[in-house]
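Beneath this line is the structure, given in structure tokens, with notes to follow.
Nothing in this text is a laboratory measurement; each read-out follows from the coordinates by a stated rule. Nothing here was measured: the structure is a model prediction, and the numbers come from that model. In this analysis, Cβ positions are derived from the backbone assuming ideal geometry, glycine residues included, and neighbour counts consider all displayed protein chains.
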Amino acid sequence: MDLLVNRAGTAIWAGLTMRCALGRAGVSATKQEGDGATPLGRFAIRCLFFRADRLARPETRLRARAILREDGWCDAPDDAEYNRRVTLPYPASAENLWREDSLYDLIVPLGYNDAPIVPGKGSAIFLHLATPDLSPTAGCVALARADLLRVLAEADRQSQVIVD
């Protein structure tokens, strides 16, 4: 089963239509690091990271791992670990996955720019929780908590996010 996402901020999963947040710069077929755009394309749903101090392990068939305080994601294009999970503190630029807000209480890394990784093409493209008002993201796809939990409960390793 796939999550179909359109430019207007609508997502469809198993016949259910829901609202979603996309990048502040819209969507792009030529995604670049830091441009604020959500990439167009088909992206595998890789696994789940979750904040075990804030919620129980969600029901899912995906591999799941609790987020640790030292978890980060490298966003430095010239670093060997670009677009990969790293341990903080990290010598190059890296986003902290343990956030004070709730946006990263559930993180699903998408298969964007990871096979192979192209420096500068964009990093940390996730499916994650949206703000209550569905504010734009830095390039990710974000859903309301109930909607993301439903997707997680039904997703498997063949599931994809398709942004068109």
*asked:* I need the GluC sites (Glu not before Pro) found in the stretch 91-161, filtered to DSSP loop residues with at most 12 other beta carbons within 10 Å of theirs.
replied: Glu100
*Only one of the values [x] 44, 36, 30; [y] 50, 36, 33; [z] 64, 39, 33 was calculated from this structure for Cα extents along the principal axes in Å; name its label.*
[x]
*What dipole magnitude, in Debye to the nearest 20, does the stretch 3-163 give about its Cα centre under +1 on Lys/Arg Cβ and -1 on Asp/Glu Cβ?*
520 debye
*Can you check what the net charge comes to around Asp71, using other residues whose Cβ is under 12 Å from the Cβ of Asp71 (Lys, Arg +1; Asp, Glu -1)?*
+4
*asked:* Can you tell me which of Asp75, Asp147, Asp101 moves the most in a GNM of the chain? Springs connect C-alpha atoms under 10 Å apart.
replied: Asp101
*Taking H placed 1.01 Å from N in the peptide plane, check which residues at least 5 places from Val86 or on another chain put their amide H under 5 Å from its amide H.*
Gly72, Trp73, Cys74
*Under the definition of Cα pairs under 8 Å and six or more residues apart, what whole-number percent is the relative contact order of the chain?*
34 percent
*Mind listing the long-range amide H neighbours of Trp98? Cut-off is under 5 Å, sequence gap 5 or more, other chains count too, H placed in the peptide plane at 1.01 Å from N.*
Asp71
*Separation of the Arg24 and Met1 label points, Cα + 7 Å toward Cβ, nm*: 3.4 nm
_Ala66-Thr10 pseudo-label distance in nm [points 7 Å out on the Cα-to-Cβ vector]_ = 4.1 nm
_Residue-wise HN-Hα coupling along the stretch 103-115, computed from phi with Karplus coefficients 6.51, -1.76, 1.60 (Hz; x: Gly, Pro)_ = 4, 9, 5, 10, 10, 10, x, 9, x, 10, 6, 10, 8
*Please arrange Cys47, Cys140 by counting, for each residue, the other beta carbons lying within 10 Å of its beta carbon, fewest first.*
Cys47, Cys140
